[in-house]
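The structure appears below as structure tokens.
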Amino acid sequence: MALSAIENGMLKACVLATHSGAPYFAKQTSMKKLLDFPGGPLVEFNDAIKDSTDANKIAFRASPAGVAFANGNLQPAPQGGPNGPPVASEFALDDGVAVPPLKRGGRGGAKRYPFDTMAIGQSFHIPKTADNPKPSKRIASIVSLASKNLAPKVFKVQAVDSTDKRGEGARVWRLADVVPAAA
């Protein structure tokens, strides 16, 4: 089965995304020929991961057969399952291993800052230091995560200069809550 130039382009983009560790987002219908390829699917999908800009697009990654095909091999490697014989894995399977508890907060960033206790209009200052020359960039992801995890609370970070009452650095504000629109 031959792939069109568009399908070849999608497969190559999917392979590049897979190599970089990121998903390739596309509509499942546009990837049908890659999913139904004789000898095994050239791509795999996870419909639980949606594109943040288009909910109709889901996450895809290149299968080993897809990588082989994109690298110029005319016949993809056989895949396990209904389209081919089972393929031995390099990973040993273990039974009875408990799942460790989920660790949240990384280095404790969200716990270190007073996001939970801030009222609308309050802010806190993070000073610029030799170890932390750009505090607004360093805390930006923590502020974004706090806005997401503590919704409807919204926080904003901005670099401040020496005119700030506490000096040069960054300041984080709690803004007005976001109220969802009525449906």
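Rule-based calculations on the coordinates, nothing more; no lab input. Small disclaimer: the values here were computed from a predicted structure and weren't measured. No Cβ is skipped: glycine too gets one built from the backbone with ideal geometry, and neighbour counts run over all protein chains shown.
To the nearest 20 debye, what charge dipole does the range 134-183 have about its Cα centre, counting +1 at the Cβ of each Lys and Arg and -1 at the Cβ of each Asp and Glu?
Taking the Cα centre of the range 134-183 as origin, the dipole is about 140 debye.
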Return the distance in nm (one decimal) between the two label points of a simple spin-label model at Thr53 and Ser144, each offset 7 Å from Cα along Cα→Cβ. 1.5
Partner lysines for Lys156 [C-alpha distance under 29 Å; skip if fewer than 8 residues away on the same chain]: Lys50, Lys103, Lys111, Lys128, Lys134, Lys137, Lys148, Lys165
The long-range amide H neighbours of Val154, using H built 1.01 Å from N in the peptide plane and a cut-off of under 5 Å, are Leu175, Val178
Note down the nm distance, to one decimal, between modelled labels 7 Å out along Cα→Cβ at Ala13 and at Asp116. 4.4
Residue-by-residue Karplus 3J(HN,Hα) for the range 126-132, coefficients 6.51, -1.76, 1.60, Hz, glycine and proline x: 10, x, 6, 9, 5, 6, 9
Using θ = phi - 60° and the Karplus curve 6.51 cos²θ - 1.76 cosθ + 1.60, what whole-Hz ³J(HN,Hα) does each residue of the range 151-160 get, with Gly and Pro shown as x? 3, x, 4, 10, 10, 9, 10, 8, 5, 10
